[in-house]
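This report refers to the structure that appears directly beneath it.
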Ligand code: GLU
C-alpha cells in the first residue's frame, strides 16, 4: 500500500458528538495500523454554523480521549497552532485556493456562473414539487452568453458557481471499502453549488480540493455523506485529481432504530465523561459500534493498542449500529473493576467531591489529616469498586459510609424471629470482639473478616445480621466485615452503641 493519509474533518458547530468520535477513532486506528498519518482538518466554511470555542473544545476532547493526530490544527500553549506540510488546515484560511480551483473549473467549462435569484430558485423548486420531481437546478444560467456573464460580473451582481453535471455521463460507480460497489446515475445529481455568493466554497468543493492537496489516501467518514460522494467523484474527474478510496461507516441508531439523536439521550462525548464513564470504556464501546474483530472472536474488551492491531475497514459492518447504553454501562463496570485503587481514587475524587453528602462528611472530619481522609475514601472505593457502573455512583449506594446519623427501625436489627434479648446479646458480643481488635488487625479487611467469622461460628445470621444493620441501617449492604473495616474501630463501636441504646 502507498502512504496512508487519512483525515478527520469536523465542522466546528458544537461539542464532539459520539458519532464524530467514532469517525475520528476509525481514522486514527486505520492510520496507526498502517503507519500512516492522521490529520485533523477543520471544515469551517459555513460561517453561519460556527460556534465560538468549538475548535478548541474538539481538539481538547480528542486529546483527553487519547486520539492524537499527527498533522493539522493543534492547541499549543493555549492557542491554536497548525503543524504539517500541507496547511493551512482550517478551510477558512484556504479561500484563495478554492477560488483558484473554481476558476479552473470555469475555464474548462466544468462549472458555470449562476445569477439566479432566490425567488426564481424557490419558484423552480415549487414547480418541481408540484410535478413530484426531485429538486434540481435547471441549468438556466448555463445558457448565458459569455458577454452577458462578463457584463453581470462587471456590475457586481451576486452569483454562485455551479458544477456542470453532464447528464450523459452515465453511471457513477465506486467501490466503497465498507459498502462494496455503489452506483448512482449522473442524471440524479444536481448542479451542485461549489462557490457561494459570500465567496466561500461549499463543503463539496473544499473537501475535494483539500483531500487532493493534502494527499488523502482514504476518505473514512459517516454514511450520511455517501450521497455526496458521486458529486465528489465528478469533481475529482473535472479537476483531473486521482480518486482516494472511500469508506462510509454505518449510521449510529437509537435502540428504536431511529437515527441517534439528542432527543433520546446524550450525544456529546463530554456528557458521557462528566457522567463518570471512563475514556477507555467509551473508546472501546464506540469502536464496537459498527465493527468487531470478525468471525470466531467474542472479545469485547480492547485496549487502544489492541484495537490498532485488530481493526480493519473490511470488517466494518454495513448495517446501522445501535447505541446501547446498557452495553456501555457493562463495559464501564468492567473498566472500573480493572483500575488500580490509586487510579480509581484520582479519577473518582472529582465526582465524589461534587456530592453534598461528601462535602458534609469532609466538613465533619476536622480531626482527620488529609492522608486519613484519603485512606478512608480509598477503603470505601475498595469495597465499592466491583459494583460501580459509573464514577458518579461512588458513595451513592452506600450512604451509611459518609452519614453521621443513620436512621432505621429498631426491629430491623432482629435476625428473623430472634427476640430483642438475642439481638442485644449479639450486639454486645460484637462490641466486645471489635473492641479487642488492635490497630494492626484493623489494617486488613481479611483479618477483620476472619475474627468476626470465627466469633459468629455456626450462628452466622444471628450474629452478623444485627451487626450489619447496626453499622449500616440498611436492609441490603456490603458485608459487616467490609463496612466495619471501612468505618474503623471508633465509628463502628459508636454505631453499635447507638444500636444498643435504641433497644434499651
Ligand atoms: N465536515 C464534515 C463533517 O462535519 C466532514 C465530512 C467528510 O468527512 O467529508 O462531518
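The values are calculated or read from the model by the stated rules, or taken from the named source; none is laboratory data. Nothing here was measured: the structure is a model prediction, and the numbers come from that model. Every residue, glycine as well, gets a Cβ built from its backbone with ideal geometry; the counts of neighbours run over all protein chains shown.
Some notes on this structure:
- Extreme residue, nearest to residue 285 (Cα to Cα), among residues of segment 26-61 that are surrounded by fewer than 24 Cβ atoms within 10 Å (Cβ to Cβ) and under 17 Å from the mean Cα position of the chain (by Cα): 61
- If you check 90, 54 for being within 16 Å of the ligand (Cβ to nearest atom) and in contact with a helix residue (DSSP H, G or I) (Cβ under 9 Å, 6 or more places away or on another chain), only one passes: 90.
- Scanning segment 439-490 for residues that are outside any helix (DSSP H, G or I) and either free of Cβ contacts under 8 Å to residues at least 60 places away in the same chain or touching a strand residue (DSSP E or B) at 6+ places or on another chain (Cβ under 8 Å) (or both) yields 444, 457, 458, 459, 476, 479.
- Search result, residues across segment 220-238 that are touching a residue at least 40 places away in the same chain (Cβ under 8 Å), within 12 Å of the ligand (Cβ to nearest atom) and in contact with a helix residue (DSSP H, G or I) (Cβ under 7 Å, 6 or more places away or on another chain): 220, 221, 222, 231
- Selection from segment 194-219 of residues that are in contact with a strand residue (DSSP E or B) (Cβ under 8 Å, 6 or more places away or on another chain) and more than 16 Å from the ligand (Cβ to nearest atom): 195, 197
- Boolean, residue 470 is in contact with a helix residue (DSSP H, G or I) (Cβ under 6 Å, 6 or more places away or on another chain), farther than 29 Å from residue 360 by Cα and either crowded, with 17+ Cβ neighbours inside 10 Å or modelled with pLDDT of 95 or more (or both): no
- Of residues in segment 62-85 being touching a helix residue (DSSP H, G or I) at 6+ places or on another chain (Cβ under 8 Å) and outside any loop (DSSP other than H, G, I, E, B), the one surrounded by the most Cβ atoms within 10 Å (Cβ to Cβ): 73
- Pair list, Cβ under 6 Å, 6 or more apart: segment 146-173 residue at negative phi and surrounded by 11 or more Cβ atoms within 10 Å (Cβ to Cβ), other residue at pLDDT 95 or above and assigned to a helix (DSSP H, G or I): 161/102; 172/230; 172/233
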